[in-house]
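The values are calculated or read from the model by the stated rules, or taken from the named source; none is laboratory data. Quick caveat, the model's predicted, so the values are computed rather than measured. Please note: Cβ atoms are built from the backbone with ideal geometry, for glycine as well, and neighbour counts cover all protein chains shown. Note: areas computed on protein heavy atoms with side chains; ligands, DNA, RNA excluded. Shrake-Rupley method; radii C 1.70, N 1.55, O 1.52, S 1.80 Å.
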Amino acid sequence: MPASRFPNLFVLDHPLILHKLSIVRDARTPSPDFRRLLGEIAALMAFETCRHLPTAPVVVKTPLGEASGARIAAPVTLVPILRAGIGMTDGLLSLLPEARVGHLGIYRDEETVQPVCYYSKVPTDIAAGPVFLIDPMLATGGSASFAAGELKKLGCATIRMICLVAAPPGVERMLADHPDVPVHAAALDDRLDERSYIVPGLGDAGDRIFGTR
Ligand code: PRP
Ligand code: URA
């Protein structure tokens, strides 16, 4: 269901996700647990967001006869925004093992909070199927909006964003810049602080995943 304030936002408030997210948010949770839980939440989120993947009918021969079934119709590409998006990628791949993985390296300039892109490597035929844009944090939305714009320049027509924690300015920015890109989040938080960090959030996702601070 879309959250009432934002038609582009879908909050996945499954009890298992809420339980794991509470531990992830806890400032005392060490990096190994943070990483493991982030991956588990990503897998749970994949289950729900993959509901929208187009399928094509197939008939398979079982040992006893023929069964009608369905296969995912087009190649799926996961695009994590480096660094923190890497923390969700393996969880998504656990349910989508055939997915290809493209990478967009983007960081926020600490002074201006504007996205700086330093790396891009995606499948050449990325536009042939749906794309999941992955980043645990949607704060101002600058990074996600830039990333979605780059994917559209490559011809991607079906993009969904999967994040862990979204803040209202980020969701608004995505709605304004990319109203065709649904945002799936585990939580919609209150606000941004003066440094544009999400409050209450979980701190710096990249640092907590990789133990860099
Ligand atoms: C974080 C996060 C997002 C971005 C969100 O990355 O992983 O990419 O900030 O903020 P925004 O919505 O205001 O753009 P960060 O810049 O810390 O880079 P890192 O993952 O390399 O540490
Ligand atoms: N990036 C993070 O890692 N955390 C925030 O709260 C905002 C941006």
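Brief remarks follow.
- For the stretch 169-199, a residue qualifies if it is open to solvent by 10 Å² or more (accessible area, probe 1.4 Å) and outside any loop (DSSP other than H, G, I, E, B), and the qualifying residues are 169, 172, 173, 175, 176, 177, 187, 188, 191, 192, 198, 199.
- Within the stretch 62-78, the set of residues being assigned to a strand (DSSP E or B) and surrounded by 15 or more Cβ atoms within 10 Å (Cβ to Cβ) comprises 72, 77, 78.
- When residues of the stretch 15-31 are limited to those that are surrounded by 13 or more Cβ atoms within 10 Å (Cβ to Cβ) and within 18 Å of the chain's Cα centre (by Cα), the one nearest to residue 43 (Cα to Cα): 17
- Here residue 213 clears all of (1) open to solvent by 40 Å² or more (accessible area, probe 1.4 Å); (2) closer than 30 Å to residue 33 by Cβ; (3) modelled with pLDDT of 95 or more except the condition numbered (3).
- Exactly one residue out of 187, 148, 157, 167 is free of Cβ contacts under 8 Å to residues at least 60 places away in the same chain and away from ligand 1 (no atom under 14 Å from the Cβ): that is 157.
- Test: residue 142 is within 25 Å of residue 7 (Cβ to Cβ), open to solvent by less than 70 Å² (accessible area, probe 1.4 Å), without any contact (Cβ under 8 Å) to a residue 60 or more places away in the chain and within 13 Å of ligand 1 (Cβ to nearest atom): yes
- Selection within the stretch 79-131: residues that are under 17 Å from residue 164 (Cβ atoms) and open to solvent by 80 Å² or more (accessible area, probe 1.4 Å). The member of this set that is farthest from the chain's Cα centre (by Cα) is 95.
- Subset of the stretch 200-210 that is assigned to a helix (DSSP H, G or I) and open to solvent by less than 70 Å² (accessible area, probe 1.4 Å) - its residue that is nearest to ligand 1 (Cβ to nearest atom): 206
- Listed by first and then second residue, the pairs linking a residue in the stretch 12-25 that is among the hydrophobic types (A, V, I, L, M, F, W, C) to a residue that is modelled with pLDDT under 95, with Cβ atoms under 7 Å apart and 6 or more places separating them unless they lie on different chains, are 12/48.
- Checking residue 88 against (1) within 14 Å of ligand 2 (Cβ to nearest atom); (2) touching a Lys or Arg at 6+ places or on another chain (Cβ under 8 Å); (3) not hydroxyl-bearing (Ser, Thr, Tyr); (4) not in a strand (DSSP E or B), the condition it does not meet: (2)
- Whenever a residue of the stretch 190-213 is among the polar types (S, T, N, Q), its partners that are within 8 Å of ligand 2 (Cβ to nearest atom) and open to solvent by 40 Å² or more (accessible area, probe 1.4 Å), lying with C-beta atoms within less than 8 angstrom and at least six residues away or across chains, give the pairs 196/108.
- Which listed residue is under 24 Å from residue 171 (Cα atoms) and not in a strand (DSSP E or B), from 35, 5: 5
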